Amino acid sequence: MATAGSSAEEYSRFRRQRLMHRLGRWRKLWKVFYRSPYGKAGFWILLVFAAITLLSPILTLHNPYTFIAPIGDSFVPSQELAARLPFSVVSNGTPLAATANTIVSVGSFVVYVTASNGSVYGIGLGDTPSTPTGKALPVLFPGFPPNARVFPATAFTLLSLPAFITPPNRFVYSEYLLVGATWNGTSRLVLAEVNWTGIAGPGDGVPYATDIATVTLNGTLLTAPAANSFGGTSPPQWAPFYQSAAVSQGLKPGYIYAVTESAGAVNLTAITTQPLSPLWSVRLPYTTVPSVPVFLGCYYRTVGGTSVLISQNNSVFSYSPGTGKLLWQSNFSAPVSASVGPIIPYDDQLQAFNRTDVALLATGGDSPVVDALYLSNGTSFLVTAMPAPVVGLATSTGEAGFPANLAVSTASLTYFLGGANPTATAADALSGLTGFGPLGFNPVYDASGNLMIVTSTTGNSYAVRASLGANPIQWRAHLSPSASAVGAPVVFLNAATGKPAIAFSTSTNRLEAYAMVGTDENPLPPTFNAPSGNIYIFGTNTYGNDLWSQWIASFVWDWEIGLAVTAGIMAVAVLTAMFIGYISNWVAAAVETVTLVLFLLPGLALLIVVASILGASFLNIIAVLTLVGWPYTAFTLIGVVRQVKSRTFVEASRASGARTLQILRRHMLPNMTPLLAYFTALSVGGAATALSTLQFLGVAPLTIPTWGGMLEPMFGNYYLVLRAPFWVWPPTIALTMFVFAFVFVSRGLDEVVNPRIRAR
């Protein structure tokens, strides 16, 4: 007689044998499945998909929902002019800087460039037939000797005194060109008015020089001559007057300032514009090359409060523009950078009241800093300490006497200091702007867009919103890829576009101009070195979203949607099939009729209608796909149930008193299992395809990142397929392989449950 212990051991042995039998059976089935080329291919594809899904938190580079490529990555300036010049613009190994001036509201019609022999040409911007894009129009021939060192010409505006003091007291603006050269200890300045051959004024016909005047100075010209007027990006409201007689009327005349060296002495000379003759000359105390003279004070009728500022060695000097009298001298412990400043806020000279409270400059030494000077008495104060010597400095418009924003460049970085903070002791460099040197120019400020444009000596440039804020970088580009050097940039208002632009000459004897405001270049191609430092393995879409991150996130969501919908389809189909196939009454007949109607309705149309009614949400999409997908599976399973129902073992179970649920669970469900596995494999891929279709058509919510959702913009713009194939292929291939993987798996399972097709 068996004891209780032996019975327990026998039962345990029986369970182990049953488990081993089942494992052996599953192992045989797995061999059949894996021996199938379809099953093997499907398995490995799904294994790769599952691995990517599990690693998605690591592989995702950006938030697939909210990330948008920074404007500095996606915006680039469009080229408006690329003119090959029929002459050389390189002097002493450096391209001569271009210049431009705007005296009418539509903007500039030409950009002026200086040839290495001193001749000045206007390069057409394409606004009129007589100024076609890139055409070099000769304007001024100063006749310098071949051995002369030429300085770049400057363009600026002066007013006509007779027109102003004679009724009806009109403002008549004229454009002037100033160019200087030096040779053999002698210097010559040439001033000419620019007129146009047409009767309508600027832009009508072609430009030419008139009223050409020349003045000769003893000594070598050390810096480019400067005027107390300048060419802006908008027509001036006021400007100095061309005639020197303006002084007798209490008005400000035009002055030109030149720095020369003779017999070891450095002199600052003021020259009147009409007549073009020296007014006064003062000897500077040092023999080093000073900065370019800067005229300080507004251009309005008030004469007082103006000065000429110049730095030399460790000092800054302020002179009276009319008499040359020294107003004040400010001394520093380190040399003042002559190539940087002094700099004044952009709009100070254009104000109705004199707002020129400060000038900014950089000092060198072991502790480079940016200082500010009160122009009334030369008192200085620290603005910011710098980690390296300053090579460029620019300010935005003045604000309460101090510029609102500063841009300070070292040899390889530009730092931006925001806010009227004259006591700041540190500045921050924007990230992602390294490797753009060598920087050697003052940044250029565009008042219309509040932009700072930083340009390296090799043509690398970027635009930064002066007020910074979120995503301050507006664009970054290598504007002249063929040039080893470029001249200092100039900002002007392009009459051809009506918008500000930036231009510069190059060492390859070209003039290039670009729009100041960048254009959206999304979709971006794949790159591992975006200006912001971001990586876009698959590029971006038209909205600036990172395609790689969306692609990786789609693995998770397509799996989740596929499995959730498949679970719903299988549950509804199994319950419906058991109810209809096993129970024979009018309710089952009614349910079967409804199922048949749903089965016969066009699937895509039903998807769109139901999705539109229920609304676009994650749960609703699962409900819609389940509603549309279950009838086909249910009808297939109904046949299985009805076939099994008529079998003898089911009748025997019923005769022995088994309940309906027991029969369904122990007899019907096991016989449906092979088909359930087959339909499960098909349904996962089918659900992902259905959701992708709805998202492609714009019915499903695009907040769910799926491969079909990534392709949605292509629905209304098939040109994107050709323009951005990097956008199309990754989700297309992933979706195709995902569906095929489950098709292959289902085919492998078919060989497992249907031995008759294994030999095919």
Sole exception among (1) modelled with pLDDT under 85; (2) within 30 Å of LEU178 (Cα to Cα); (3) small (Gly, Ala, Ser) for GLY39, by number: (2)
For the range 91-105, enumerate the residues that are out of contact with any strand residue (DSSP E or B) (no Cβ under 6 Å at 6 or more places or on another chain) and in a strand (DSSP E or B). THR94
Residues located in the range 194-231, provided they are under 20 Å from VAL106 (Cβ atoms) and touching a Ser or Thr at 6+ places or on another chain (Cβ under 6 Å): ASN195, GLY203, GLY205, VAL206
Give me the residue from the range 704-758 that is of a type in the set (Phe, Trp, Tyr) and surrounded by 20 or more Cβ atoms within 10 Å (Cβ to Cβ) and, out of that set, modelled with the lowest pLDDT. PHE742
If you take the residues in the range 1-36 that are modelled with pLDDT under 75 and among the aromatic types (Phe, Trp, Tyr), which one is surrounded by the most Cβ atoms within 10 Å (Cβ to Cβ)? PHE33
Just give me the residues in the range 299-319 being in contact with a strand residue (DSSP E or B) (Cβ under 7 Å, 6 or more places away or on another chain), modelled with pLDDT under 90 and part of a loop (DSSP other than H, G, I, E, B), in sequence order. THR306
Under the condition of being part of a loop (DSSP other than H, G, I, E, B) and at pLDDT 85 or above, which residue from the range 342-376 is farthest from ALA239 (Cα to Cα)? PRO368
When you look at VAL172, is it farther than 16 Å from GLY231 by Cβ, surrounded by 24 or more Cβ atoms within 10 Å (Cβ to Cβ) and free of Cβ contacts under 8 Å to residues at least 60 places away in the same chain, yes or no? no
Suppose the filter is at pLDDT below 90, under 45 Å from the mean Cα position of the chain (by Cα) and aliphatic (A, V, I, L, M); does ALA224 pass it? no
If you go through the range 125-138 one residue at a time, how many are out of contact with any Leu (no Cβ under 7 Å at 6 or more places or on another chain) and either crowded, with 20+ Cβ neighbours inside 10 Å or not assigned by TED's automatic domain parsing to the domain that holds VAL215 (or both)? 1
Is it the case that ALA700 is assigned to a helix (DSSP H, G or I) and either in the same structural domain as TRP557 (by TED's automatic domain parsing) or modelled with pLDDT of 75 or more (or both)? no
Given the conditions (1) farther than 21 Å from ALA98 by Cα; (2) part of a loop (DSSP other than H, G, I, E, B); (3) not charged (D, E, K, R), and given that PRO162 satisfies all but one, which numbered condition is not satisfied? (2)
Test each condition in (1) surrounded by fewer than 13 Cβ atoms within 10 Å (Cβ to Cβ); (2) within 24 Å of the chain's Cα centre (by Cα) for ALA69 and report the one that comes out false. (1)
Can you tell which of GLY469, GLY449 is free of Cβ contacts under 8 Å to residues at least 24 places away in the same chain and more than 13 Å from the chain's Cα centre (by Cα)? GLY469
Taking ALA530 and the conditions (1) in contact with a Gly (Cβ under 9 Å, 6 or more places away or on another chain); (2) in a helix (DSSP H, G or I), which numbered condition does it fall short on, given that it satisfies the others? (2)
Within the range 539-561, count every residue that is crowded, with 18+ Cβ neighbours inside 10 Å, within 17 Å of the chain's Cα centre (by Cα) and of a type outside the set (Val, Ile, Thr). 6
Checking GLU560 against (1) at pLDDT below 85; (2) under 24 Å from ALA82 (Cα atoms); (3) of a type in the set (Asp, Glu), which test does it fail? (2)
Looking only at the range 314-340, count how many residues are surrounded by 20 or more Cβ atoms within 10 Å (Cβ to Cβ) and touching a residue at least 60 places away in the same chain (Cβ under 8 Å). 4
Considering (1) within 32 Å of the chain's Cα centre (by Cα); (2) in a loop (DSSP other than H, G, I, E, B); (3) within 30 Å of ALA485 (Cα to Cα), say which one LEU61 fails and leave the rest. (3)
Please determine whether any residue of the range 196-211 is part of a strand (DSSP E or B), in the same structural domain as LEU125 (by TED's automatic domain parsing) and closer than 26 Å to THR287 by Cβ. no
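The values are calculated or read from the model by the stated rules, or taken from the named source; none is laboratory data. This structure is a prediction, so every number in the text was calculated from the model and none was measured. Neighbour counts are summed over all protein chains in view; Cβ atoms, including those assigned to glycine, are modelled from backbone coordinates with ideal geometry.
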